[in-house]
Amino acid sequence: MAASHGWLTSLPNQLAVASSVVNHRSAAAASFVVRASSTDASLTEKDCLRRRQVLVGLSALTAALSRAKSASAEEVPENFRAFVDFTDGYAYYYPSDWRDFDYMGHDSAFKDRFAALQHVRVSFIPTEKKDIRDLGSMEEVIFNLVKNIYAAPNQIPSIYEMQERTVDGKYYWTFEYELESPSFSRTAFATIAIGNGRYYTLVVGANERRWTRLRNKLKVVADSFRILDI
């Protein structure tokens, strides 16, 4: 496995070469998966102007990430990789032996190679809110979310833990919950946050029988979610 990279410290260098999605899937892959938009290589005057505008935007993003570098010296933990989406403005860690897959209605997702219920997924919807606290109190918002959105009619929801944290002026709520049904139970962490005019949700979980063994590992994923300004 490749050596760990800085969480935000190495992103400006990644940006210099990230003209397309770079997804390292082998054991020797680097610790970052970077998603970014490509630029047009045409040499017409109009396209050259467009390229200059893109470069100005990329320079601004690099500068922003450089500022973040001074605020965080955190490194990607061993046995994790960092997924970074410059286009949609978010990033998080996921276990290095998980693989990406399509999860309907979600922007990105990774799952365990052998246990499909062990996975992380991220989605977002537009919002006019500026901060997650604009939705109301943390307890009320999370209770309504788990009971009325996450739980199916035949599931019994339980909420075990709620935490608020702030990173670079942005607030994040992370909570642990269980959905119990007659046939099986699933436990998960969710992290919700608002930025870039979007309401982001990250969910990472596993079958209840595996939860005790995996809980600390999956908490790293939930706590790693960050919004990047776009």
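The values are calculated or read from the model by the stated rules, or taken from the named source; none is laboratory data. All values derive from a computational prediction rather than experimental measurement. Cβ sites come from the backbone with ideal geometry, for glycine too, and all protein chains shown count toward neighbours. We work out accessible area using only protein heavy atoms, side chains counted, and drop any ligands, DNA or RNA first. Shrake-Rupley method; radii C 1.70, N 1.55, O 1.52, S 1.80 Å.
When the residues of the range 89-104 are filtered to those that are in contact (Cβ under 8 Å) with a residue 24 or more places away in the chain and surrounded by fewer than 17 Cβ atoms within 10 Å (Cβ to Cβ), which remaining residue is nearest to Ile230 (Cα to Cα)? Step through it out loud before you land on a result.
Step one: filter the range 89-104 for residues in contact (Cβ under 8 Å) with a residue 24 or more places away in the chain, giving 89-96, 99-100.
Those left that are additionally surrounded by fewer than 17 Cβ atoms within 10 Å (Cβ to Cβ): 99-100.
Numbers: Arg99: 26, Asp100: 24 Å.
Selected residue: Asp100.
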The lone condition Asp168 fails out of (1) modelled with pLDDT under 95; (2) over 25 Å from Lys129 (Cα atoms) is (2)
Exactly one of Ile149, Ile132, Ile142 is open to solvent by 60 Å² or more (accessible area, probe 1.4 Å) and among the β-branched types (Val, Ile, Thr), and that residue is Ile149
Counted residues in the range 181-229 being under 14 Å from the mean Cα position of the chain (by Cα), part of a loop (DSSP other than H, G, I, E, B) and aromatic (Phe, Trp, Tyr) come to 1
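Residues that are open to solvent by less than 20 Å² (accessible area, probe 1.4 Å), of a type in the set (Phe, Trp, Tyr) and not in a loop (DSSP other than H, G, I, E, B): does the range 120-127 have at least one? Quick ask: steps written out before the conclusion?
Keep residues of the range 120-127 that are open to solvent by less than 20 Å² (accessible area, probe 1.4 Å), which gives 120, 122.
When the remaining residues are screened for being of a type in the set (Phe, Trp, Tyr), the result is none.
No, because not a single residue in the range 120-127 is open to solvent by less than 20 Å² (accessible area, probe 1.4 Å), of a type in the set (Phe, Trp, Tyr) and not in a loop (DSSP other than H, G, I, E, B).
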Exactly one of Ile142, Ile125 is touching a strand residue (DSSP E or B) at 6+ places or on another chain (Cβ under 7 Å), in contact (Cβ under 8 Å) with a residue 24 or more places away in the chain and under 17 Å from Phe225 (Cα atoms), and that residue is Ile125
Residue hits (the range 178-200; hydroxyl-bearing (Ser, Thr, Tyr), open to solvent by 10 Å² or more (accessible area, probe 1.4 Å) and closer than 21 Å to Pro153 by Cβ) are Ser181, Ser183, Ser185
Hey, among Ile230, Ile194, which residue is in contact (Cβ under 8 Å) with a residue 12 or more places away in the chain and more than 24 Å from Asn144 (Cβ to Cβ)? Ile230
